[in-house]
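Data block below; observations after.
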């Protein structure tokens, strides 16, 4: 799973879910949540959002995204809405996306 997250950036798929991830991995979906939780202590959703937040932070430092609105960076990072973006950001970094962006410019 780490390999397809790192190399293929599958977490950028806005509607990524357990079934789609299972297809990519060639594993049965009923096994994945248990394995993921045992290995990481996180749910699949938490792992996906953590990777999306890390990606958004990279975009903050990218010249091409300096003038983009936060919601556009959220969408480019795989988030489907502003609320999930903000909540995930706060949970994973302790900061709002706006504050983090200012620190990464």
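Just to be sure before I move on: is residue 49 closer than 18 Å to residue 9 by Cα and either at pLDDT 95 or above or in contact with a helix residue (DSSP H, G or I) (Cβ under 8 Å, 6 or more places away or on another chain) (or both) in the structure I sent?
So residue 49 passes the test.
Looking only at the range 3-12, which residues are modelled with pLDDT under 90 and part of a helix (DSSP H, G or I)?
In the first step, residues of the range 3-12 are kept if they are modelled with pLDDT under 90; the result is 3-8.
Selection gives 3, 4, 5, 6, 7.
Anything in the range 13-42 that is modelled with pLDDT of 90 or more and under 14 Å from the mean Cα position of the chain (by Cα)? List them, or say none.
13, 14, 15, 16, 42
Can you find a residue in the range 63-72 that is modelled with pLDDT under 90 and surrounded by 12 or more Cβ atoms within 10 Å (Cβ to Cβ)?
Checked against the condition, which is being modelled with pLDDT under 90 and surrounded by 12 or more Cβ atoms within 10 Å (Cβ to Cβ), the range 63-72 yields no hits at all.
Any idea which of 86, 75 is without any contact (Cβ under 8 Å) to a residue 24 or more places away in the chain and assigned to a helix (DSSP H, G or I)?
86
Regarding the range 60-69, can at least one residue be identified that is closer than 30 Å to residue 19 by Cβ, in a helix (DSSP H, G or I) and either in contact (Cβ under 8 Å) with a residue 12 or more places away in the chain or within 16 Å of the chain's Cα centre (by Cα) (or both)? Give the steps one after another, and end with the answer.
Step one: of the range 60-69, the residues closer than 30 Å to residue 19 by Cβ are none.
No, because not a single residue in the range 60-69 is closer than 30 Å to residue 19 by Cβ, in a helix (DSSP H, G or I) and either in contact (Cβ under 8 Å) with a residue 12 or more places away in the chain or within 16 Å of the chain's Cα centre (by Cα) (or both).
Is it true that residue 98 is at pLDDT 95 or above and over 18 Å from residue 11 (Cα atoms)? Break it down stepwise before answering.
Details: at pLDDT 95 or above: no; over 18 Å from residue 11 (Cα atoms): yes.
Criteria not met by residue 98.
Tally up the residues in the range 7-34 that are exposed (fewer than 12 other Cβ atoms within 10 Å of the Cβ) and farther than 21 Å from residue 75 by Cβ, please. Please lay out each step first, then the result.
Looking only at the range 7-34, we keep the residues that are exposed (fewer than 12 other Cβ atoms within 10 Å of the Cβ), and these are 7-8, 15, 19, 23, 26, 28, 30-31, 34.
Now narrow it down to the ones that are farther than 21 Å from residue 75 by Cβ: 7, 19, 23, 26, 28, 30-31, 34.
So the count comes out to 8.
The values are calculated or read from the model by the stated rules, or taken from the named source; none is laboratory data. Just so we're clear, the structure is a prediction, and the values are computed from it rather than from any experiment. Positions of Cβ are generated from backbone atoms using ideal geometry, with glycine treated the same way; all protein chains shown enter the neighbour counts.
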